[in-house]
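Here's the structure we're looking at; comments come further down.
The values are calculated or read from the model by the stated rules, or taken from the named source; none is laboratory data. Computed from a predicted structure; not experimentally measured. As a convention, Cβ positions derive from the backbone with ideal geometry for all residues, glycine included, and neighbour counts pool all protein chains shown. Side chains are part of the model used for accessible areas, which takes the heavy atoms of the whole protein and leaves out ligands, DNA and RNA. Shrake-Rupley method; radii C 1.70, N 1.55, O 1.52, S 1.80 Å.
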Amino acid sequence: MSESSDIAITVRSLGKSYKIGHLETVAADDTSAGGAPQRGIWPWRRTGGRQRLSSETFWALRDVDFDVPRGKVFGVIGRNGAGKSTLLKILSRITEPSTGMAEIRGRVGSLLEVGTGFHPEFSGRENIYLNGTLLGMRRRQIDRVFDAIVDFAEVHRFIDTPVKRYSSGMYVRLAFAVAAHLEPDILIIDEVLAVGDLQFQKKCLGKMKDVTGQGRTVLFVSHSLTTVNSLCDTCMLLENGRVTQIGPTESVTASYFASSEETSGSSLDLRSDPPGDRFCRMVGARMVDRSGESLSYAHIDREFGLEMTYELLEPSTGQVIPNFHFFTAGQCAFITSPRQESPVTLGRHRATVWLPARFLNEGTYSVNFAATTPMPQCCHFHVQDQFCFQVIEDLHDEARHGAVHKVPGAVRPQLNWSLH
Amino acid sequence: MSVTRIQPRRRFSFFEWKEIVEYRDLLYFLSLRDIQVRYKQTSLGVVWVILQPLVPAIIFAVLFGNFARLPSNGQPYLLMVFTGLIPWSLFSNTIGRAGGSLVGNSNLLSKIYFPRLIIPLAAMGSVVVDGLVGLMVLVVLLALFGVGLGWHMLAAPFFLLAAFLMGLGLTLVVASLNVYHRDFGYAVPFALQAWNYLTPIVYSSSLIPERWLFLYSLNPTVGLIEGFRWSILGGVPITTTMFLSMLTGLVGSLLIGMAVFQRIERGFADIV
C-alpha cells in the first residue's frame, strides 16, 4: 500500500444506473409487459391491476476504473451524455453511485458551477462567507484569505454592495475567486474557464497552474479540447458511460476526434445510396493530407484537403462543376469551386480543394457538397449536413497571445502586417 | 490526510453528526441568510415578530375570555393563550418554513456537497429567533400581570426543546416528501390548521369533557402545550397520558423523520 499515497483518487468499477420508469396501462390479462411491480416511496401503494410501472435500467456510468496520481491534472473528455457530469457528481458526493467505489485522499473542493449559492440581496462580503462555508471552508480560513479573494476578483470598491448590482463579469470573478482560494488537496472543475473576459481567463489558468504546482490534484472536465490539451497531463475518454481510453492527453484527444468521425465525421461514404441524378452521383468525401492519407482532424498549422469522389454516368450537356459550401456557427463562411475545366470522361473522379495552413479558424466546420452544370442551369446533387470536420490548435501557440478560448471568427488567416 | 470513501449506502445509518459540526459555520451563515432575508426589506423588522403572536393572543383573550367566558384555570386569559402560542409557533412554524426548504434550495443540493441536514436546520434558525423574541414578550407580560417565579419554570426549556425536536422530526418528513410530491406543500398548512384546533392553544384542556379527555390527550402536542403552560403559570401539572404521548410523539417523529430523510437524501440530486 506504499504506492497508494501517491494516488489521489482511486475509482474501481464505479457505476451509476437510473431507473427510467414508464407508468403504462396494460390489459388485465397481459402479464408479459413490464417488469416486476416497483415500490415507490409509498410502501403500501403497490402497483397492480391495470396500471403497472415498467422500468428500464439506464447506466449513465458503468465499470469505470482509473487512478489519478497526486499533483497531476487529469482531464475527462467525452461527448454530451457520455457520463462526465455523472462522474463528477459522484466524486463530489452530490449523488451516490449504484455500484463500485471511489476513494479520495485529501480534501475535495468541487467547482461544478461557479456562483451557486450566491444570494443577490447580500453584499459581496456576505456572499464570500456564505459561499466559502458552502464549499466547506471554516470561517477562520475565510478570514485569512478574504483579502486575497477580493484582490483576485478585483471588486474592492463594491465589496459592500449587494451582488445583484454587480455586472455579470464581477459576479463570475467573485465566484471563481472564492472557489480558487479554497485550498483543497483535490480540485474538481467543470468548465469554469468558460467564463469571464480574456484577461480573467488567463488569470484563472494561472491560478490553476499554481494549484498543481503546489502538489494539488485537479480533475478537469471540459468540452474545450484546446484547454484540455494544454492543461492536462493525462486524459480519460468516456463513451456511453464507459472508459474507452486513458493515457497521455494528446493521444486521447486525437482518438476522440477519430471516434466522433463515425457519427458526424470527417469522412462520408455514400456508396450504398449515392445521391445524384442520371448524369452525376456523389460517392463519398474525406479529409486528406498531401500524401493522400485520410485525416480525422485538421491542425491549424498544416495544409489539408477535402476530397469529394463522384461518378459521371452519362455525357452531360455542359461541364459538371463541383462546389463546396463551408459553414461554421450556422453561417455560410464561403463557397468555393475550381477555376480550371472539370473532367468529362465517364467514370470516377476526385475533386480536392486545398485549405492552406493558417486560413481556417480553430473550431468545427460543416461542409455541403454540390455538383452543378451552368448551361442549362442544373444541380446534380447537394449533400447537406453530413460532413463536418474540426480544426484544432495548440493552446500554447504564440499566435493566440494567451487566449484560452476559441478566438472568434470563421477564418483566421495569417496576413501580412506592416509595423512602424 | 482524510480519506473519503464513496460507495453505495445500503442500510439505515445515523446522521454523521461529526460532519454537521464540521459545517457549523455554514449552518450559521445559512440561518443568518434566512433571518436577514426575512427582515431585510421590511421597515418594521422585529416589530412583526412581536405583533405576530401578540395580536392574535389579545383577540382570542377578548373573544374567549371576556365574551365567551371560557375557563382559564384562574389565570389571565391573555397569558394562557400566549403561553400556548409560544411552543405551538415553534412547532408549527418549523414545519411551515423548513418543510419546503429542500425543494427551495434544490439549486444548492444538486450542485454542491454538504451535509443535507443543514438545509432544514438552517431554515429552523429563523423560527428559533422568532421564538426567543416571543419569550421576551412573555417575560414582559408576566411582569405586567405580576406572575411570580416558581420552581416549575425550570421545566420550561425542556418543553421548548421538545417542541423544537418534534417539529424537527416532522419537518424532515415533510421536507423529504415534498421532494417527491409537491402536494405536501398544500396539505401541510391545512393539516396544521386542523391540528391547531385539536391542541389547547386558545382554550384550556380543562374545557374537554372527562370521557373524551383520554382520547384527546393522545395528541402529542396537548402535553407539549399544557406542559409549557404549567411550567410558566404553575397550577395543575399535565397528566401522565399527556406526558407519555408527548414523549412517544417526540421520539417517533424524530426516528421516522431521520429514516425518511435519509432515504430521500440519497436520491435527492437525481430527482430535483
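For every residue, the table says whether it meets (1) in contact with a helix residue (DSSP H, G or I) (Cβ under 6 Å, 6 or more places away or on another chain); (2) over 22 Å from A:Val252 (Cβ atoms); (3) open to solvent by less than 40 Å² (accessible area, probe 1.4 Å); (4) at pLDDT 75 or above.
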{"position": "A:Leu174", "(1), (2), (3), (4)": "yes, yes, yes, yes"}
{"position": "A:Asp185", "(1), (2), (3), (4)": "no, yes, no, yes"}
{"position": "A:Leu193", "(1), (2), (3), (4)": "yes, no, yes, no"}
{"position": "A:Asp197", "(1), (2), (3), (4)": "no, yes, no, no"}
{"position": "A:Lys203", "(1), (2), (3), (4)": "no, yes, no, no"}
{"position": "A:Lys209", "(1), (2), (3), (4)": "no, no, no, no"}
{"position": "A:Gly213", "(1), (2), (3), (4)": "no, yes, no, no"}
{"position": "A:Cys232", "(1), (2), (3), (4)": "yes, no, yes, yes"}
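Tell me, which residue of region B:240-264 that is of a type outside the set (A, V, I, L, M, F, W, C), open to solvent by 40 Å² or more (accessible area, probe 1.4 Å) and in contact (Cβ under 8 Å) with a residue 24 or more places away in the chain is nearest to the other protein chains (Cβ to nearest Cβ)?
B:Arg263
Select from region A:317-342 the residues that are hydroxyl-bearing (Ser, Thr, Tyr) and open to solvent by less than 70 Å² (accessible area, probe 1.4 Å) and list them in ascending order.
Correct list: A:Thr328, A:Thr336, A:Ser337, A:Ser342.
This table checks each residue for (1) within 21 Å of B:Leu78 (Cα to Cα); (2) under 17 Å from the mean Cα position of the chain (by Cα).
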| site | (1), (2) |
| --- | --- |
| B:Gly100 | no, yes |
| B:Ser110 | no, no |
| B:Ala123 | no, yes |
| B:Gly131 | yes, yes |
| B:Leu138 | yes, no |
| B:Ala156 | yes, yes |
| B:Leu170 | no, yes |
| B:Val188 | no, yes |
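Which pairs turn up if I take residues in region A:237-256 that are assigned to a strand (DSSP E or B) and look for partners that are open to solvent by 50 Å² or more (accessible area, probe 1.4 Å) and modelled with pLDDT of 85 or more with beta carbon separation below 7 Å, at least 6 apart in sequence or on another chain?
A:Leu237/A:Thr244; A:Leu237/A:Gln245; A:Arg242/A:Arg62; A:Arg242/A:Asp63; A:Val243/A:Asp65
Checking the condition in contact with a Pro (Cβ under 9 Å, 6 or more places away or on another chain), surrounded by fewer than 19 Cβ atoms within 10 Å (Cβ to Cβ) and either without any contact (Cβ under 8 Å) to a residue 40 or more places away in the chain or over 26 Å from B:Ile271 (Cβ atoms) (or both), which residue from A:Glu103, A:Glu121 passes?
Unique residue meeting the criteria: A:Glu121.
Just one of B:Leu108, B:Leu141, B:Leu132, B:Leu149 is touching a Phe, Trp or Tyr at 6+ places or on another chain (Cβ under 7 Å), more than 27 Å from B:Thr248 (Cβ to Cβ), among the aliphatic types (A, V, I, L, M) and surrounded by fewer than 20 Cβ atoms within 10 Å (Cβ to Cβ); which is it?
Checking each option against the conditions leaves just B:Leu141.
Could you name every one of the helices (runs of 4 or more DSSP H) located completely within region A:59-164 that has at least 1 residues being within 11 Å of chain B (Cβ to nearest Cβ), modelled with pLDDT of 85 or more and under 18 Å from B:Ser110 (Cα atoms)?
Correct list: A:84-91, A:124-134.
Given the residues A:Thr352, A:Thr372, which is the only one that is under 17 Å from A:Met287 (Cβ atoms), modelled with pLDDT of 85 or more and in a strand (DSSP E or B)?
Checking each option against the conditions leaves just A:Thr352.
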